[in-house]
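Input: a single structure, listed below in structure tokens.
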Amino acid sequence: MILEDSGVESAAVNAQWLMAHVLGCNRPELGLKQGSTLTVEQHSQWNQLVTQRAQRIPLQHLIGSVEFCGLELVVNKHVLVPRPETEILAEEACKFAKMRESPVILDIGTGSGCLAIAIAAQSPKGAVHALDISKEALKLAQVNANRNGLSERIIFHEADMREGCPIEEAFDLIVSNPPYIPTCDIDTLQEEVREHDPRLALDGGQDGLDYYRFLILNYMPHLNSQGRMMLEVGDGQTPEVSDLIIKYGGRVLSIVPDLNNVERIVVASPDNS
Ligand code: GLN
């Protein structure tokens, strides 16, 4: 099969997603469509999609959307495709936000808006700010907020997080899934990631930790003393990120593993007392 031969992981499942897209149904509904014949247009759409997927264009770019925490989000080449690991960060953030009356929340490097939108959806009284350096990403994040009926609840900021916090607020919760891949590892990533996720969203500098330095140094002081910073980290980065948190006066409260049991989320408090 062409997808398998091209090195696409889970080729059969990919084919099912693409066929469901062509037929305009959900993947579980495909069984009901068995035996139906494709129209000429559907047939040529199918051929085109399979060819593109064989060229390692991400499935989510071909389908145009991805499910994240039960929400449908549009994705394109300007944003990182939201990953299941980041859903774990969203869940931790939502748990914390729900315990607060009217939390003020900041998502740094929002990309598709996945974290800001998932948190706003779960925290009806939360005020959510979302920041990104990319105009195109912010445009898409706004589309996603709109599609999920949350555009009134999120304020978007175009800013370079490395230049300090542009928002005059004290936050209860700061979340971020920053670029964390060491520059020299980018060439080893899957072709879908390496060639189609924006490099801006992947490249964490020489040791992968550049953005954590900025996040912890510049943004931890913007947290209320009872606030939390929750960061997604790359494989094996929890010791260094924890050291940075401690170095800049904070405290590591917990480390949450992802579904593959890799330490993935660092939860910190600015208050080390
Ligand atoms: N999770 C992405 C990957 O492993 C990287 C995203 C990031 O750098 N934040 O490909």
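Table for the structure above
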{"read-out": "Reciprocal mean inverse distance between Cα atoms of the stretch 95-162 - Kirkwood radius, Å", "value": "11.7"}
{"read-out": "Extension gain, residue 152 back to residue 189 (0.36 nm per residue minus Cα-Cα distance, nm)", "value": "9.6 nm"}
{"read-out": "Hits among lysines - C-alpha to C-alpha of residue 135 under 20 Å, sequence gap 8 or more where chains match", "value": "77"}
{"read-out": "Length-normalised contact order for the chain - Cα pairs under 8 Å, 6+ apart - percent", "value": "14"}
{"read-out": "Length added when fully stretched, residue 40-residue 52, from 0.36 nm per residue minus Cα-Cα", "value": "2.5 nm"}
{"read-out": "Whole-Å distance, taken between Cα centres, linking the stretch 22-40 and the stretch 205-247", "value": "46"}
{"read-out": "Length-normalised contact order for the stretch 2-148 - Cα pairs under 8 Å, 6+ apart - percent", "value": "18"}
{"read-out": "Burial order of peptide ranges 120-129, 33-42, 254-263, 197-206 (average beta-carbon count within 10 Å, highest first)", "value": "120-129, 197-206, 254-263, 33-42"}
{"read-out": "Folded to 0 to 90 degrees: helix 135-147 orientation relative to the chain principal axis, Cα", "value": "80"}
{"read-out": "Volume in Å³ per residue [convex hull over Cα atoms, computed for the chain]", "value": "134"}
{"read-out": "Residue-averaged 222 nm ellipticity for the chain, from DSSP H runs of 4+ at -39500 (n - 2.57), nearest 500", "value": "-10000 deg cm²/dmol"}
{"read-out": "Extension gain (nm, one decimal) between residue 10 and residue 162, 0.36 nm per residue minus Cα-Cα", "value": "50.9 nm"}
{"read-out": "Simple Cβ-charge dipole of the chain, Lys/Arg +1 and Asp/Glu -1, about Cα centre, in debye nearest 20", "value": "660"}
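No lab work stands behind these numbers, since they all come straight from the coordinates. Only a predicted model underlies this, so the values are computations on that prediction, with no experimental measurement involved. With ideal geometry, Cβ positions are generated from the backbone for all residues, glycine too; neighbour counts draw on all protein chains shown.
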